[in-house]
Amino acid sequence: MEILMAWRNVWRNPRRTILTILAIAFACLVLIFMLSVQVGTYEVMINASVKTRTGHIQVIKKGYNKDHKIRQVVSDPESIAKILDQTPHVTAHTFRANAFALLSSDLRTCAGLITGVDPERESKISNIVHTMRKGRFLKPSDTNTAVLGALLAKNLKVNVGDEVVALGSAMDGSVAATVLKVAGIFSSGMDDYDRSAIQIPLPHFQEVFYMENAVHEVVVTCDSLWHVSRVKESLAAALHPKPPAEPTGQDADQGLVCLSWDELTPGLIQSIQMDLGGGLIFYAILLVMVAFSIMNTFVMAVFERTRELGTLLAIGAGPGRLSKMLVLESAFLTLWGITLGILAGCVLTFWFQHTGIPLGGAEGMLKQYGIPGLIRPRLTLATALSGPALVFIITTLTALYPALKVRRLTPVDAMRAV
Amino acid sequence: MKKLILIPGLILVLFSTTAFSAQPDAKAIIAQAWDYMRGRTSVSEVRMTVHRADWERTSVIKAWTRGLEDSIFQIISPKKDKGNGTLKIGRDMWTYNPKINRVVKIPPSMMSQSWMGSDFSNNDLSKADTILNDYTHEIVGTTRSDGFTVYEIRSLPKPEAPVVWGMQTLKIREDGILLEQAFYDEDMKAVKIMDTSGIVEMDGRPFPEKWTMRSMDADSKEDYTLLEYRNLKFDVPLADHLFTLNALKKTQR
């Protein structure tokens, strides 16, 4: 009975009803789209950092990400590589070794971070290859060849073809020294990296720093950010087999840990949280505006029908039934609006997910740093439903106000009202 | 030669007499200790052991010093590092590697880094005399050890002094032997503590054979660097050209 009455009441003023539904739908659409864009942007940010620096997952000696001591090594990286070859969702992996060293050109001396990389496999993971400004990236046949960050090159006053002397401490504590020929200069866009980083072929690094076959990081990339935790779990399980079977000597568990990008670069996740915080304020304002406009509609609907409601009360409808009717009316509007909003929002987001949103003028600049000039919104269950869910809660709460107010009406006064 | 030993001896006598009558000057005690340890010139052979919880490495270093300002170190063993050297003139430092045959000047930004992988920093070597010029000193107590008075001195940096420490404390025996030197940060937390032990007769004067530097912020309490003097000669005439970049490139004897 109430359902039928509510349904009829809703369609008594079709124009107003449609406008209200559209308002709710629009709010949902905006929320879905904005959230998806934000998530898509974070994905771009994360991928940029992952591609220049960390990779999605790293296998390292426990504590290496904090102390960066040269002795904290992965001594048998090949066995981990074998595990990785069989792990699903892993797209590429490579080895790296790092050491802080004194870098010296004819004119200047400064401190830097030398990284030994596997030229061939590195180019599948890192986008340093695509950010070369001068010269070329390392080749597998290179020995004492280096590529270095643009700011470091500027500090040392070196150019392609010049020599750089590196002096540091080898893994056994002896003095490590080598003369490197600059083959290329890169500019990753991350200033602190470009100011200190110098990359040399891994075999030469291992020779100079007496590392034998050891490395510091096994870097892994996955086919998607969303598979990182799954890959990490299976990798960790493979590294630390649960029953410590037969003690097979030095392989498997060497105090190694598996860390994902967010554990490796805590700063990145913090800046994302900050941005998300700012976004939440925007959404809150949007929700409050939607709430007021819906409340306005509902309150008007009750006011202009005061006489009618009074009549209903007079002919025996209890205030509870009236409230129920009004709540049902608002529920109709809200559900229609949300359904429409989710549909439209998903279609719009999905469309842009396919075409991407060009970033206009910034495109060229971003491309230089290996970031694609397109931002693709990322539609997930969370981004599609969390916004509409909030709209639902807010509209239901605001609709309660007139629904409760109607309980205080007395038939005689109500019928006399204009 | 005799005269040179006489001078610190004279100061010694002076101090041992004044110690009982009046509070001696803290700065003079430090100056005397530094002179005592370094002499006018010195030639020494030191075994350096860098100890870590899971690892240890020993090398032998030959060192020549002239006053407090100039010194030159050369590694003579292990073979892998033989010929690596460090030259210090005033506050400038250079390092030489024979494998690549290059001399590299250590930039100011690297002065607080570890020297040859040890718990000593480049600053510890190059700014050894900074305590005399950049700090104000105060005797905070005296104790007795092996029949000697030991002065405990607290040194605070002068307001504008270019130093890295917030405070240093020293324990110096009245005959000029440094027993302990502790380095504190601005929060007055001990960062590094060096102590000496095994006082034996070396080149005619008592001298601590073992010098141990411990970094307090290391993960393990076992981490330390031990210097053991195996051979020490004071006030040897040294040629001026010993303290040059050319000398750094040659193996000295």
Residue within the range A:148-168 that is touching a strand residue (DSSP E or B) at 6+ places or on another chain (Cβ under 6 Å), facing chain B (nearest Cβ under 10 Å) and among the β-branched types (Val, Ile, Thr) present: yes
Breaking point among (1) at the interface with chain B (Cβ under 9 Å from one of its Cβ atoms); (2) buried (at least 19 other Cβ atoms within 10 Å of the Cβ), for A:Asp172: (2)
Criterion violated by A:Asp106 - all others in (1) farther than 13 Å from A:Gln199 by Cα; (2) assigned to a helix (DSSP H, G or I) satisfied: (2)
Lone qualifier among A:Gly112, A:Gly116, A:Gly55 - being farther than 30 Å from A:Glu304 by Cα and not assigned by TED's automatic domain parsing to the domain that holds A:Leu202: A:Gly55
Residue list for the range A:103-112, restricted to those being within 23 Å of A:Lys66 (Cβ to Cβ) and among the hydrophobic types (A, V, I, L, M, F, W, C): A:Ala111
Single residue of A:Val179, A:Val117 found to be at pLDDT 90 or above and buried (at least 23 other Cβ atoms within 10 Å of the Cβ): A:Val117
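Listed here are the residues, each with its yes/no results for (1) modelled with pLDDT of 90 or more; (2) assigned by TED's automatic domain parsing to the domain that holds A:Arg71; (3) surrounded by fewer than 16 Cβ atoms within 10 Å (Cβ to Cβ); (4) of a type outside the set (Gly, Ala, Ser).
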position: A:Ile128; (1), (2), (3), (4): no, yes, no, yes
position: A:Ala146; (1), (2), (3), (4): yes, yes, no, no
position: A:Asn155; (1), (2), (3), (4): yes, yes, no, yes
position: A:Val165; (1), (2), (3), (4): yes, yes, no, yes
position: A:Ser196; (1), (2), (3), (4): yes, yes, no, no
position: A:His204; (1), (2), (3), (4): yes, yes, no, yes
position: A:Val208; (1), (2), (3), (4): yes, yes, no, yes
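Can you list the strands (runs of 3 or more DSSP E) lying wholly within the range B:17-103 that have 3 or more residues being more than 10 Å from chain A (Cβ to nearest Cβ) and either without any contact (Cβ under 8 Å) to a residue 60 or more places away in the chain or under 17 Å from the mean Cα position of the chain (by Cα) (or both)?
Counting at least 3 such residues, we get B:41-52, B:55-66, B:70-77, B:85-89.
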Test: residue in the range B:131-139 that is under 13 Å from the mean Cα position of the chain (by Cα) and within 14 Å of chain A (Cβ to nearest Cβ): no
Selection from the range B:117-130 of residues that are away from every other protein chain (no Cβ under 14 Å) and not in a helix (DSSP H, G or I): B:Lys127, B:Ala128, B:Asp129
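Somewhere in the range B:106-129, is a residue more than 28 Å from B:Asp223 (Cα to Cα) and modelled with pLDDT under 90?
From the range B:106-129, those more than 28 Å from B:Asp223 (Cα to Cα) are none; that's our starting set.
No, the conditions are met nowhere in the range B:106-129.
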Selection count, the range B:211-234, where residues are without any contact (Cβ under 8 Å) to a residue 24 or more places away in the chain and surrounded by 16 or more Cβ atoms within 10 Å (Cβ to Cβ): 2
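Taking the conditions exactly as written (surrounded by fewer than 20 Cβ atoms within 10 Å (Cβ to Cβ) and in contact with a strand residue (DSSP E or B) (Cβ under 7 Å, 6 or more places away or on another chain)), does A:Ala214 satisfy them or not? Can you show your working first?
Numbers: surrounded by fewer than 20 Cβ atoms within 10 Å (Cβ to Cβ): no; in contact with a strand residue (DSSP E or B) (Cβ under 7 Å, 6 or more places away or on another chain): yes.
Judged against the criteria, A:Ala214 is not a match.
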Qualifying position, being touching a helix residue (DSSP H, G or I) at 6+ places or on another chain (Cβ under 6 Å) and at pLDDT below 85, among A:Leu359, A:Leu328, A:Leu366, A:Leu379: A:Leu379
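Examine the range A:66-74 for a residue that is more than 14 Å from chain B (Cβ to nearest Cβ), outside any helix (DSSP H, G or I) and either among the aromatic types (Phe, Trp, Tyr) or closer than 25 Å to A:Glu233 by Cβ (or both), and state whether such a residue exists.
Residues of the range A:66-74 that are more than 14 Å from chain B (Cβ to nearest Cβ), as a first pass: A:74.
Next, only the ones that are outside any helix (DSSP H, G or I) stay: A:74.
Still in the running and either among the aromatic types (Phe, Trp, Tyr) or closer than 25 Å to A:Glu233 by Cβ (or both): A:74.
Yes: one or more hits.
In this structure, is A:Glu212 in contact with a helix residue (DSSP H, G or I) (Cβ under 8 Å, 6 or more places away or on another chain), at pLDDT below 90 and more than 14 Å from chain B (Cβ to nearest Cβ)? Let's see the steps before the verdict.
Numbers: in contact with a helix residue (DSSP H, G or I) (Cβ under 8 Å, 6 or more places away or on another chain): yes; at pLDDT below 90: yes; more than 14 Å from chain B (Cβ to nearest Cβ): yes.
Criteria met by A:Glu212.
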Single match in A:Ala6, A:Ala23 (criterion: farther than 24 Å from A:Leu385 by Cβ, in contact (Cβ under 8 Å) with a residue 60 or more places away in the chain and in the same structural domain as A:Gly278 (by TED's automatic domain parsing)): A:Ala6
Single condition A:Lys124 does not satisfy, out of (1) assigned to a helix (DSSP H, G or I); (2) within 14 Å of chain B (Cβ to nearest Cβ); (3) of a type in the set (D, E, K, R): (2)
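The values are calculated or read from the model by the stated rules, or taken from the named source; none is laboratory data. A quick note: this is a predicted structure, and the numbers were derived from the prediction, not measured. Reconstructed Cβ throughout: ideal geometry from the backbone, glycine too, with neighbour counts over all protein chains shown.
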